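What follows is a set of notes on a single structure, which appears directly below.
The values are calculated or read from the model by the stated rules, or taken from the named source; none is laboratory data. These numbers were taken from a predicted model, which means no experiment stands behind them. Every residue, glycine as well, gets a Cβ built from its backbone with ideal geometry; the counts of neighbours run over all protein chains shown. We work out accessible area using only protein heavy atoms, side chains counted, and drop any ligands, DNA or RNA first. Shrake-Rupley method; radii C 1.70, N 1.55, O 1.52, S 1.80 Å.
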Amino acid sequence: FFRCIPTLMTARRVVNTNRHLSPEELECNINGAPVTENKLREAFNTLDSEGKGFIPYDKMRAFYMEQENFGVEFSPAQADAAIAKYHNGDGAITFEEFSCIMLSIVQR
């Protein structure tokens with residue numbers, strides 16, 4: 001999930017880019033999406049209001065379309081294409097699929 005980048009030398013100082021994000025940085029990513037396992041689980045459980053262990057596809061699509069996208073709204077086709085990258089097509093989004101989908105949003 002994190003990749004290590006070697007230390008870079010600049011003209012007068014050494015900049016260490018080989019570090020992991022702090023818990024505060026993880027909690028406060030640029031678009032506010034959940035990225036820690038606890039936050040992902042909390043968001044998943046909120047969407048899985050019936051406690052079935054999955055989120056119905058339509059509910060996931062609606063949630064995806066609500067996410068921040070630099071002021072541009074997602075179309076249903078764009079949401080479907082993005083979700084399809086991580087979903088097996090059975091109509092039920094598992095926690096693992098949900099986590100991958102949410103992390104893909106953060107990485108934009």
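Treating the beta-carbon of each Lys and Arg as +1 and of each Asp and Glu as -1, no other charges, what is the dipole magnitude of the stretch 52-107 about its Cα centre, to the nearest 20 debye? Show your work: numbers first, answer last.
Working: 4 positive and 8 negative charges, 18 e Å.
Roughly 80 debye for the stretch 52-107.
At 1.4 Å probe size, put Glu66, Glu73, Glu42, Glu97 in order of accessible surface, largest to smallest.
From most accessible down to least: Glu73, Glu66, Glu42, Glu97.
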- What FRET efficiency would be calculated for the residue pair Glu37, Ser75, taking the C-beta separation as r and a Förster radius of 30 Å, to the nearest 0.05? 0.50
- Task: Taking amide H positions as placed in the peptide plane 1.01 Å from N, state which residues far from Ile93 in sequence (5 or more) or on other chains have amide H under 5 Å from it.
- Result: Ile55, Tyr57
- Please report the relative contact order for the stretch 52-107, taking Cα pairs under 8 Å with a sequence separation of at least 6, and give it as a percent rounded to a whole number. 44 percent
- Task: Please sort by residue number the chymotrypsin sites (Phe, Trp or Tyr not before Pro) in the stretch 42-86 whose DSSP state is loop and whose Cβ has at most 13 other Cβ atoms within 10 Å.
- Result: Phe70
